[in-house]
Amino acid sequence: MNAIETMDLTKKFGSLTVVDSVNIKVEQGGIFGLLGPNGAGKSTIISMLCTILKPTSGTALVNGYDIVKFPSQVRKSIGIVFQDPSVDDRLTGKENLEMHADLYGVPASEKRSQIDKVLELVELSDRGNDLVRNYSSGMRRRLEIARSLVHTPKVLFLDEPTIGLDPQSRDHIWSYIRELLKTEDITIILTTHYMEEADKLCKQVAIVDRGQIVALDTPESLKEKLGGETITVKSQNNPLYVEKIKEAGIAKSVVIAGDEVKVTVDSAHTILPSIVNIAALNHIFIESISLQEPQLDDVFLHYTGRALREGGGKELSGMGAIMRRQIR
Amino acid sequence: MSELRGIYTLWQREIKRYLRERTRLASSFFQPLLWLVIFGSGLGLSIRSSTGLNYQEYIFPGIIGQTLLFTSMFMGISLIWDRQFGFLKEILVAPISRISIFVGKMLGVSTDSMIQGMIVLMLGFLIGVKITLPIVIKVIPLMLLVTLGTACIGLTLACFMDSLESYGTIMTFVNMPMFFLSGALFPVNNLPSWLQWVVYVNPLTYGVDALRIVILDGAYVSSFPLYMDLTIIIAFDVFMILAGTYSFSLRK
């Protein structure tokens with residue numbers, strides 16, 4: 001049995017089709033990544049799978065239950081960590097978990113042990129009796145993850161679980177999730193903006209754009225399919241540069257991403273000189289140039305024509321800098 | 001069964017949150033005291049009573065009615081609060097029906113108001129109203145009946161509003177006329193007839209009348225028979241619970 005199987009899942013708001021006949025099969029176990037630019041329909045897909053929204057047409061099976069016919073069974077078998085905070089900060093951490101256990105009908109005999117177990121997993125055992133308003137944002141997030149696990153869900157939805165957290169908290173959260181995958185029989189559906197996270201963690205990745213699934217595979221084969229290597233150039237006249245490279249016909253694809261030009265080629269080492277020559281011939285000044293093997297970022301760019309965080313400012317260039325190998 | 005457990009845990013949450021808010025508890029203790037002691041004794045000295053009761057005794061049940069109304073209307077804001085701070089999502093995705101969520105919330109708000117009402121009831125000794133055990137036993141279910149309806153007014157309004165500010169404005173619009181035209185502060189029999197109609201359609205009128213019958217125990221000549229008060233209050237409760245659950249289920 002698949003953890004999730006959607007059949008022509010569609011959602012329209014008025015005349016606007018937000019999710020367009022999506023068909024995905026997610027095997028049990030591991031992490032399944034749902035990637036896409038803002039407004040691509042990721043959240044709507046998740047909302048439908050969580051039975052918050054009713055599909056306009058089509059349906060899906062979550063843990064074997066139809067989301068339209070048996071929403072209550074679906075709800076009992078899933079855990080959700082929302083993108084926005086959703087804990088009650090006037091209650092203690094433990095009280096939040098107790099409430100969740102009551103709402104999900106966790107047997108009274110298991111309630112205590114289950115709560116202690118999840119608190120331990122996210123390293124909050126010693127803070128369980130403190131009011132949540134005294135927690136840091138990283139601790140709140142960890143509490144939310146703990147809460148989503150109280151009723152031992154079969155499928156866990158994590159909607160941007162690490163957004164807005166410092167790198168250390170992020171690492172913590174990923175280590176809990178790895179631990180979870182080892183000890184529990186659980187499938188995780190993840191949406192994230194952090195491509196390196198998705199690359200490292202996900203067994204499979206679906207790229208969503210304009211309400212459709214444009215690619216679905218393991219991160220490795222997606223990168224392989226894209227093939228070749230990427231040359232990233234920052235020049236003073238990007239549009240002209242793109243045009244000239246296209247004219248030369250030496251690249252597999254050329255796109256502008258933010259203030260950079262990304263050129264995908266079969267072998268960067270032989271083509272790099274020509275790329276530089278084109279700039280020299282057209283009097284385009286190159287500010288920087290670097291080359292890299294394909295990243296999930298590039299896969300994303302290839303399928304959607306957009307960088308995941310377009311105009312994502314400092315963070316993107318900061319992360320890009322880490323990922324990019326300097327030219328040798 | 002699991003629905004009942006859900007209602008219970010939502011009810012418990014409302015009360016915990018309420019009791020933890022110490023400043024609110026303190027302020028809601030002083031407000032009725034001001035009405036009773038300052039307003040009651042000040043105005044009581046300058047008007048001649050036609051009811052055979054001293055003025056403070058007369059308004060005392062009215063102030064309890066006011067406390068029930070104001071507290072439950074104020075607590076209705078918690079629904080907007082939950083929506084703004086995201087907690088409502090956690091409840092909405094739980095395997096529990098919308099009706100149970102609304103009922104849990106309603107019972108929680110009603111209980112909060114009743115705690116408040118009981119505090120004011122205990123202040124009766126200050127103005128010489130004797131609060132005996134039989135009165136307390138009769139007043140508790142009556143308070144519940146009154147406050148279920150008013151809690152639903154607040155929660156129903158909150159279903160249609162997204163901001164705390166607009167709720168605050170609307171709340172005043174509902175609170176003040178309901179309070180002033182309920183007979184809480186003055187007998188309604190002598191009002192001009194157009195105003196009397198407003199009094200008769202105000203559900204709190206019957207609540208205040210019933211509270212007066214029970215608390216003043218015979219000393220008060222009621223405007224309506226008790227059975228009529230109760231019938232109207234219960235009918236209003238049923239109507240508001242239906243309206244409230246329906247409004248709540250409309251929201252995405």
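Scanning the stretch A:196-219 for residues that are closer than 20 Å to A:Trp174 by Cα and among the acidic types (Asp, Glu) yields A:Glu196, A:Glu197, A:Asp199. From the list B:Thr150, B:Thr169, the lone residue that is over 17 Å from the mean Cα position of the chain (by Cα) and closer than 18 Å to B:Phe70 by Cβ is B:Thr169. Within the stretch B:112-133, restricting attention to residues that are in contact with a Phe, Trp or Tyr (Cβ under 7 Å, 6 or more places away or on another chain) and either part of a helix (DSSP H, G or I) or of a type in the set (S, T, N, Q) (or both), which residue is nearest to the other protein chains (Cβ to nearest Cβ)? Once the filter is applied, the top-ranked residue is B:Asp112. Looking across A:Ala198, A:Ala206, one residue alone is in contact (Cβ under 8 Å) with a residue 12 or more places away in the chain, closer than 10 Å to A:Ile31 by Cβ, in the same structural domain as A:Asn23 (by TED's automatic domain parsing) and of a type in the set (Gly, Ala, Ser). It is A:Ala198. Highlighted here are the helices (runs of 4 or more DSSP H) found entirely within the stretch B:27-94 that include at least 3 residues which are in contact (Cβ under 8 Å) with a residue 24 or more places away in the chain: B:55-75, B:77-84. Can you spot a residue in the stretch A:174-189 that is of a type in the set (Phe, Trp, Tyr) and not assigned by TED's automatic domain parsing to the domain that holds A:Pro273? Among the residues of the stretch A:174-189, at least one is of a type in the set (Phe, Trp, Tyr) and not assigned by TED's automatic domain parsing to the domain that holds A:Pro273, which makes the answer yes.
Exactly one residue out of A:Val263, A:Val276 is outside the structural domain of A:Asp20 (by TED's automatic domain parsing) and not in a helix (DSSP H, G or I): that is A:Val263. Restricted to strands (runs of 3 or more DSSP E) entirely inside the stretch A:8-69, those with at least 3 residues that are among the β-branched types (Val, Ile, Thr) and farther than 21 Å from A:Tyr194 by Cβ are A:16-22.
Counting only residues that are assigned to a helix (DSSP H, G or I) and either more than 16 Å from B:Val109 (Cα to Cα) or more than 10 Å from chain A (Cβ to nearest Cβ) (or both), the stretch B:1-23 holds 10 of them.
Among helices (runs of 4 or more DSSP H) entirely within the stretch A:70-140, having at least 2 residues that are buried (at least 21 other Cβ atoms within 10 Å of the Cβ), without any contact (Cβ under 8 Å) to a residue 40 or more places away in the chain and more than 11 Å from chain B (Cβ to nearest Cβ) singles out A:108-121. B:Gly183 meets the conditions (1) under 16 Å from the mean Cα position of the chain (by Cα); (2) in contact (Cβ under 8 Å) with a residue 40 or more places away in the chain; (3) in a helix (DSSP H, G or I) in every case but one. The failed one is (3).
The set of residues from the stretch A:14-47 being within 14 Å of chain B (Cβ to nearest Cβ) and either among the basic types (Lys, Arg) or touching a Leu at 6+ places or on another chain (Cβ under 6 Å) (or both) comprises just one member, A:Ser47.
The values are calculated or read from the model by the stated rules, or taken from the named source; none is laboratory data. All of these numbers come straight from a predicted model, not from anything done at the bench. Counting neighbours? That spans all protein chains shown, and the Cβs are built from the backbone with ideal geometry, glycine included.
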